[in-house]
Each structure stands twice: as structure tokens, then as C-alpha cells.
2 protein chains.
Amino acid sequence: MLGHRALAQHPLRPYRSEPMSYLYHIRECNHWEPKRFLPLQVDGERVGRIRRDFVEHLRDWPEVFRVETDVVDWIHPATGFEDRTAAMHEVVSALEAQGIVSHLHGELYPVTASSREHARLLIDRACAAYFGVRAFGQHLNGFVRSPEGLKLWVARRSADRRIFPNRLDNLVAGGLPWGLTLEENLHKECREEAGMAESLACRAVAVSAVTYCRDSKRGLKPDVMYCYDLELPPDFEPRCTDGEVHSFQLQPIEQVMETVRETDEFKLNCNLVIIDFFIRHGLISQDSADYLDLIQGLRSPLP
Amino acid sequence: MLGHRALAQHPLRPYRSEPMSYLYHIRECNHWEPKRFLPLQVDGERVGRIRRDFVEHLRDWPEVFRVETDVVDWIHPATGFEDRTAAMHEVVSALEAQGIVSHLHGELYPVTASSREHARLLIDRACAAYFGVRAFGQHLNGFVRSPEGLKLWVARRSADRRIFPNRLDNLVAGGLPWGLTLEENLHKECREEAGMAESLACRAVAVSAVTYCRDSKRGLKPDVMYCYDLELPPDFEPRCTDGEVHSFQLQPIEQVMETVRETDEFKLNCNLVIIDFFIRHGLISQDSADYLDLIQGLRSPLP
């Protein structure tokens, strides 16, 4: 059993006592209680949800946020996109200096009530969850059809990753920063994370999107993961060029299924992307008691 | 434009004046107002929703149904599965004799709050919607990878079909009656509707399920459609053996996309199965403004 072997290699992570399942991971990604959050509004439109403990820090910025009992309104006088972005940057930089926000990432994410195109301002990627704004990412499953059956490329995250160090990951996965198209960012991630040529990356098929909403350490994560399938030639060997991946392994699909079903070895949200792959490739029986819950659970409505 | 040509061939169906879209069909499949219905309970568990106009007819059966202001309870004294099924059959047969129910189908559907396995009794297929019970079906997209690109087999329903005569349909589609497994029924439908050998039918891949809930002429339809992809050899020619299909055509995928997007030429729920196919095969851009609404709209929670 890969999962248990792999867990044993990383003794800091305790064995879980409760039984896992595909549905377990979907539930883990969809825990949040609306009453713990206040809506964040820009121009009267809700663009995020801020946890009540974090709201308290925003009271220091009365010219930017009006904190009421049931809502936080963005009231900064500037109405332009750039000026609003600059104002938000000033806030999060100060919060970082105070140690309230752990770090800034440097990449910018859109603050939007719907799609990226409807962004009203930008926010540092590391702060998206504090404000509970939608985050968009891309995850690619790289697979090989071999004489022995389907195999999936699995990445092991580096030990120095801030989030989920040492866990398993999709072959390519990354956040979608402002200013890049889906295609541009996917090809960039394919190059950086797996050493993939553009000619190979452009064969990736956009197959679905997975949505979830989770109350995380930093705050709410109403996330959209755009999903891709890429059939790879048998002789392709991924090579990480940005240090984010420790190693890669091409695993029989049955082994990946067992790992997902029985362990939390994969980075939490990657489980969902892989379950979506299992479903689309006919690997999860429609007779499973959980089948409809899985199908619907991968497409949670975003608040 | 195929759609308009095809519509012109069937002049009984009026041209629509509003513009269509993929999302249009999903919305059409998900129109219903809870207040028009009363829940139907068996053993205190909700198994359906009955439209208020139909509820009135059930008052004639006080030994079977207790009609209250906000719920209809099944109170027939028999507790066994067979006896309950017989009691329901007596009711629907009488309703058919009175002309309240248009016809009986002969096939039996499970009455269940969740999956088929949890059925509490059976009901004639034609009456499922009157009682608003979940119905399960199977839809198969048969496609060919040709040198000119992807092509999809499209069926034209016979003129004498009770529902959606003359409209376009999936290569194989059918309701899932009680007593057959998913696999058995799929192979049976593949044989009857498309003259497909077992050896070919068993290559179908179970790729997803689409759910919707619609207020129809007869009543509520909270439906589950199990979806299959089947890649067919270029020389395969479907042949209908049960009279349900008038003709088949292998169409370039772009033509099918236009028909779905711009017409209501397909039987209503088939549009959703085909849109799911488009998404999984990377044919709908993730940049489309509707992309997330489509993804989520194909998996509507069942009431």
C-alpha cells in the first residue's frame, strides 16, 4: 500500500483513525459556517467573506473599510481599479508588517464577485483567503496509456513548500495570477513545474472545473480549479525547474486510487481534481452509493 | 445552419424568438417552484413532490394517502414492498381509467428518497412525474474520431413517439427500469436502439451523471441521467430495432454544437448530456462567461 508507506516516510503527519473515502476529501474541502464570516462588499456587491477575528484588524483602516455588525464595506474614496489596488496593497503591507498576515506572495489575484474579468481591484495572492475572495487555479493530470493500463504522473511537493510540504500533487498545478490568460499560465506552469515543451503542453485538454469552499487557517477559500487532462508519450520524463517539486513518479492508476481513497497523502484540493479524473475515465462505478454525491460535491456552489 | 433547416422540416414546432445558448437548455431543465408542490412521504421520508392540482385526485384514496395542508403521507396499512407496489398500481390504474393519468407504460420505476437500492415501492414509469419521484436514465454519446475531426452520432426520434416526436436524440438513451442493473439496461438499449453488439456496447465508458429538476406537464421530474461515451469504429452503422428512432446521422461536432447552442431541435434533456460531452472533450472554452454556470448547472441538487 503506497499510502501507508508514503505516510511512514513523513512521520510528522499522524495516521488518521477514521476511515477515508473519496467523499471524505470532498467534505474536507467544503467545511465552512456562514455565521463565522462577514460579507465584504465593493460598490455594494459582495466580493468576499471575512472571518470575524480578522475583521477586527480592519477597524484600524476606517478610511478604507466601514465595519458594521453584518457587513464590511469597502469605502475608500478612489474608484479607479489601479487606485483601489494600491489602497489594498497599503493595507495588506501594513498587516504583514504587524505580523497579522504571515507574508505577501508578490502575485496579484482579482477581487471579483464572479469571473476574473469582473475584478474590481487586485489583492496579493497570500491575502485572498483573509478576505475570502474567489481564487482561481489550474490543475493538470498527466497520464500515460501503457500496455499494463492507465498510469498517472504524481508529483511529491518539496519539503520547503509553505503549504502542504512533502505531500503528493498533480503533475502540474498552480494559481492563476492576474494578467495571464488561462492558456499562458498553464503553459508557464507546465514549463516551470514539469519541464514541458510548449508543443506538449498545448495538447492539454480543458476538461472541467472543480469548485469548493473551505474555512482554512487564513480564512475562507471559495476556489475554482480549472482541470486539464494531458496524455503523455511513454518516454516523457517530467523535470521540475522551479524547485516546487521534490520528485515525480508514474504510478498505476489503481495505486493512485488507493492513495486517494485511503490516505490524506495528496494536498487536500488535488484529491478532488483526481477524483474528477477517475469519474471522467470510468474508474468509479456508477453503482457506488456515493456516485451522485461525488459528482455534485465536485461542483459546490461558491458563496 | 442545420438547426434552422431541421426546424423548417418540422413546421409544427414554432421558431423561437429569444436567443438560445448552452445555458438556456440547462435553465429550461431546472424550472420549478417548490410552493406548487406538496411533499409525498413514505414512512415519514420524502420520496416525491406532488403538484397541488394532482393532489386533489388522491383524496379519493383515503386508505392510501392522507392529504394534509403541507404534506401527503402514504398511509396504506401494508408495509411490504410487493404489497405497497400493488396498492400503488391499483391507484394509478384507476386514475388511468378516469383519464386523469394519460397512460400506463408497463415498466416499473423505484420510488426512493435517494438511490434505486433504497426503493420503498415501485410505480409505473408513466406516473413517476405525477408523484415527482426520482427517475433514472442512461444516455450514450457515440462518437467517431475521423481524419476531419470528432463526429457525433445523432438520432432522429420517430414521429410516433409520445414525447418529443421527430426531435434529435443521443445515439442510445433510455429509462432505467426496476430489476435491471445499469450495465444490463445499457446493453439492452444499445441493442434495441442502435443494433449494437454486446462486444461493442461493453466498450462504453461511464463518464458522469447529469441531474436536473423540472416542472413538466405531468408533474415534477427530479431526474438522474447516467452518461456514457462510446468511441465507435468508422464503419459502424447504427440500426434501430425497436422503432423508436426514425434515422441516424453522423455529424461533425461543430454542427452538433451549433444545433445545441442555437435551436431546441434536441429532446430537452439530451442537450444537457451533449453539453457535458462538449465540456469533457475540451470543446467549450473555459474563458466562456458561462463556463462555471454550465459546469454547476449540469449537477443541480435534486430536491
The set of residues whose placed amide H lies less than 5 Å from the amide H of residue A:266, leaving out same-chain residues fewer than 5 positions away, is A:168
Sorted shortest first, the nm distances from the residue A:161 label point (7 Å along Cα→Cβ) to its counterparts in the other copies are 4.8
Work out how far the C-alpha atoms of region B:10-165 reach from end to end along every principal axis, then list the three figures in whole Å, largest first. 63, 35, 28
Relative to the longest principal axis of chain A, what angle (0 to 90°, nearest 10) does the C-alpha long axis of helix A:182-194 take? 60
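Using a 1.4 Å probe over the heavy atoms of the protein chains, calculate the carbon and sulfur portion of the accessible area of chain B as a whole percent. Can you show the working numbers first?
Values: 6480 of 13010 Å².
Carbon with sulfur: 50 percent of the solvent-accessible area.
Can you work out D for the protein assembly as shown in µm² s⁻¹ from Stokes-Einstein, where Rh is the Kirkwood radius over C-alpha pairs, the temperature is 4 °C and the viscosity is 1.567 mPa s?
Roughly 49 µm²/s, to the nearest whole number.
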Near the amide H of residue A:245, under 5 Å away, which other amide H atoms are found, from residues 5 or more places off or on another chain, if H is placed in the peptide plane? A:158
Whole-Hz Karplus couplings 3J(HN,Hα) for region A:164-171, θ = phi - 60° and coefficients 6.51, -1.76, 1.60, Gly and Pro as x, run 6, x, 6, 6, 7, 8, 5, 3
Ignoring ligands, DNA and RNA, what accessible area per residue does chain B give at 1.4 Å, in Å²? 43
Check residue B:49: other-chain or 5+ apart residues with amide H under 5 Å from its amide H, H built from backbone geometry? B:40, B:132, B:133
For chain B, diffusion coefficient by Stokes-Einstein and Kirkwood Rh (Cα), 20 °C, 1.002 mPa s, µm²/s: 105
Give the angle, between 0 and 90 degrees and rounded to the nearest 10, that separates the Cα long axis of helix B:81-97 from the longest principal axis of the Cα atoms of chain B. 80
Excluding residues on the same chain fewer than 8 positions from residue A:267, give the aspartates and glutamates whose Cα lies under 17 Å from its Cα. A:28, A:160, A:169, A:193, A:215, A:223, A:244, A:258, A:276
For chain A, the longest principal axis of the Cα atoms and the Cα long axis of helix A:268-280 enclose an angle in degrees, to the nearest 10, of 50
Overall dimensions of region B:195-289 as given by Cα atoms, namely Rg and Dmax in Å: 15.2, 42
Leaving out ligands, DNA and RNA, calculate the buried accessible area for the pair B and A with a 1.4 Å probe, summed over both sides, in Å² to the nearest 100. 2100
Report ³J(HN,Hα) in whole Hz for each residue of region B:218-228, in order, from the Karplus equation J = 6.51 cos²θ - 1.76 cosθ + 1.60 where θ = phi - 60°; Gly and Pro get x. 7, x, 7, 10, x, 10, 10, 10, 6, 10, 9
Residues losing 50 Å² or more accessible surface upon assembly, region A:260-303, compared with the chain by itself, 1.4 Å: A:280, A:286, A:292, A:295, A:296, A:299
Residues of region B:190-239 losing 40 Å² or more of accessible surface, assembly versus chain alone, probe 1.4 Å, please list them. B:206, B:207, B:226
Sum of side-chain charges, residue A:42 neighbourhood, beta-carbon under 9 Å (Lys, Arg +1; Asp, Glu -1): 0
Translational D in µm²/s for region B:60-109 (Stokes-Einstein at 10 °C, 1.306 mPa s, Kirkwood Rh from C-alpha pairs): 133
Round to a whole angstrom and tell me the spacing of the C-alpha centers of region A:191-231 and region A:88-111. 24
How would you order A:86-96, B:252-262 from highest to lowest mean count of nearby Cβ atoms within 10 Å? B:252-262, A:86-96
What gaps in nm, shortest first, separate residue A:148 from its twins in the other copies when you place the label 7 Å past Cα toward the beta carbon? 4.2
Step through the residues of region A:134-141 one at a time and calculate ³J(HN,Hα) from phi using the Karplus curve (6.51 cos²θ - 1.76 cosθ + 1.60, θ = phi - 60°), rounding each to whole Hz and writing x for Gly and Pro. 4, 10, 10, x, 10, 10, 10, 9
In Å, what Rg and Dmax follow from the Cα atoms of region A:82-239? 17.2, 58
How big is region A:74-142 in terms of Cα radius of gyration and Dmax, in angstroms? 12.9, 47
Which percent of the Cα-Cα distances in region A:176-230 go past 12 Å? 71
Divide by every residue of the protein assembly as shown the summed helix terms, -39500 (n - 2.57) for each DSSP H run of at least 4, and state the resulting mean residue ellipticity at 222 nm, rounded to the nearest 500 deg cm²/dmol. -8500 deg cm²/dmol
Ordering A:41-49, B:134-142 by per-residue average of other C-beta atoms within 10 angstrom, highest first, gives B:134-142, A:41-49
From the label point of residue B:293, set 7 Å from Cα along Cα→Cβ, how far away are the matching label points in the other copies, in nm, ordered shortest to longest? 3.1
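The values are calculated or read from the model by the stated rules, or taken from the named source; none is laboratory data. Values in this document were obtained by computation on a predicted structure and should not be read as measured data. When we count neighbours, we look across all protein chains shown, and the Cβ atoms used for this are built from the backbone with ideal geometry, even at glycine. Areas reflect the complete protein model, heavy atoms only, side chains present, ligands, DNA and RNA absent. Shrake-Rupley method; radii C 1.70, N 1.55, O 1.52, S 1.80 Å.
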